[in-house]
1. Taking amide H positions as placed 1.01 Å from N in the peptide plane, with prolines and chain starts having none, which residues 5 or more places from Ile57, or on another chain, fall under 5 Å of its amide H?
2. Which net charge results for the neighbourhood of Leu104, defined as the other residues with beta-carbon distances under 9 angstrom from its beta-carbon, given Lys and Arg at +1 and Asp and Glu at -1?
3. Once Lys and Arg get +1 and Asp and Glu get -1 on their Cβ, which of Gly253, Val312, Ser344 lies farthest toward the positive end of the dipole of the range 200-409?
4. Could you give the length gained on full extension between Ala55 and Asp97, defined as 0.36 nm per residue of separation minus the Cα-Cα distance, in nm?
5. About the Cα centre of the range 24-182, what is the dipole size in debye to 20, counting +1 per Lys and Arg Cβ and -1 per Asp and Glu Cβ, all else neutral?
6. Can you compute the FRET efficiency between Ser317 and Val231 using 1/(1 + (r/R0)^6), with r the Cβ-Cβ distance and R0 = 51 Å? Round to the nearest 0.05.
7. Hey, rough spin-label estimate for Ala264 and Ser372, points 7 angstrom out along Cα→Cβ, what's it come to in nanometres?
8. Among Trp240, Trp289, what is the fewest-to-most ranking by other Cβ atoms within 10 Å?
Amino acid sequence: MIRSGDIRRLGIATAALAAVAIALPAGALGASGQTKLKLDGPAANSLREQGVRIAPIKPASGGNRAISLPVAAGLAGSKTTLLRQRGGLALTAPGGDTARLTSLRLLLGKRSLVEAKLGGEEVDLFTVMRGGRRDIDPASGKIQLEGLRVKLTRGAANALARQLGLKPVPAKRFGSLATRLSGLARGDGGNGGGPSGGGAATRSNACPVPGTAGPPAESTPPVLARPAGAVDVTAASIRWRVRESFIRYIATGEGTSVSGGASADAPVLLPGASTPLSYDFRFPFANGWVDAGANPASPADDTAALYFGGAVRFQYSGHGIDLLTSNPEIELNGPSSRAIFAISDNGGAAERQVLVNLDLGAAGAISQNGASYTYERVPGAIPSGTASSVFAGFYAPGTDFGCFDVSFSTP
């Protein structure tokens with residue numbers, strides 16, 4: 001996540017937060033509630049004194065001194081709570097310059113803050129100060145927050161002043177927030193449920209469960225360095241099986257679509273679904289390389305980077321979801337293996353992000369036959385150390401999120 005004072009490019013996983021031992025419960029995405037933000041602190045007053053008008057961005061409502069934002073999704077647990085809000089705030093200066101604060105996320109935990117997008121960039125907007133009422137009951141599915149004071153971060157204050165052409169805005173208390181939320185199921189437990197159910201019954205029947213969340217993901221993942229002894233990969237295929245409960249959830253909105261040469265397998269009717277759906281997606285091969293390691297006869301110590309094209313779009317506009325995942329990169333590198341995609345969120349610029357870590361130790365099978373390599377049902381896990389990644393807004397770090405079949409060959 002972006003530290004206070006920084007505005008950096010959006011990444012699926014940025015600087016580390018404390019590990020989150022919670023999972024999105026079944027009713028979270030359909031939870032009923034809202035967050036009310038009172039704009040009565042010195043920082044908000046400073047903006048108004050400089051002629052700035054503060055207005056809600058739909059579906060948020062309110063006015064210059066209080067704005068209510070509907071809760072789009074919730075993730076609640078004994079250690080960390082994450083609420084994603086719909087709508088946002090529009091700040092308009094007397095000269096007409098406007099700053100739009102959207103995609104607000106309230107995170108309560110070891111480090112409590114409110115994140116937002118400002119001008120398309122991710123920023124720590126507020127820190128949540130001590131005090132206030134915080135009643136969070138994962139077992140009953142209820143959250144009640146009252147009088148939580150929020151302080152404008154120095155980075156956000158400077159960014160707002162620059163974007164609106166203002167005098168310095170003080171990094172002081174901006175106001176306070178309150179939330180009443182119901183409809184959440186139990187939120188504790190490591191690899192727990194997802195949008196259409198909780199526990200083991202909703203995990204992918206076709207994919208193994210990863211044994212680890214893997215390492216925290218970098219904000220901008222570097223390209224895997226090619227060893228001197230690596231050889232080119234001449235052909236490769238990939239099949240991504242997405243977590244079944246997520247596919248069923250997205251299907252209640254606009255669903256999935258493919259482009260750029262990617263393809264979806266034929267729809268199948270699985271237990272728990274009311275209609276046949278496509279869960280598996282394939283991408284055209286572009287290029288790649290593999291290094292055979294110390295033992296050329298065994299793939300256990302191999303390192304490989306495989307690059308593909310095409311895209312899969314996940315869309316449920318009614319719940320604020322529009323994710324375009326494209327140009328997958330599969331890095332096979334022992335415990336550091338991972339799948340990187342170019343991610344575009346709600347029409348924004350696509351950026352390379354670690355989608356999931358890959359647990360080779362839990363794969364269905366790994367084999368080599370001469371110049372041909374096969375990795376079957378390699379499970380993916382939401383990376384550890386962050387609650388602000390693309391899918392960690394809906395699933396806890398460490399949650400299983402489908403698997404990959406990968407095969408490739410060399411000359």
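Readers should treat all values here as calculations from the given coordinates under stated rules, not as data from a laboratory. Just so it is clear, the structure is predicted and the values come from calculations on it, not from any experiment. Positions of Cβ are generated from backbone atoms using ideal geometry, with glycine treated the same way; all protein chains shown enter the neighbour counts.
1. Gly88, Leu89, Ala90
2. Neighbourhood net charge equals +3.
3. Of the candidates, Gly253 comes out farthest on the positive side.
4. Numbers: separation 42, 0.36 × 42 = 15.12 nm, distance 1.36 nm.
Net length gain for the segment: 13.8 nm.
5. Roughly 280 debye for the range 24-182.
6. Here the calculated transfer efficiency is 0.70.
7. A separation of 3.0 nm, rounded to one decimal place.
8. Trp289, Trp240
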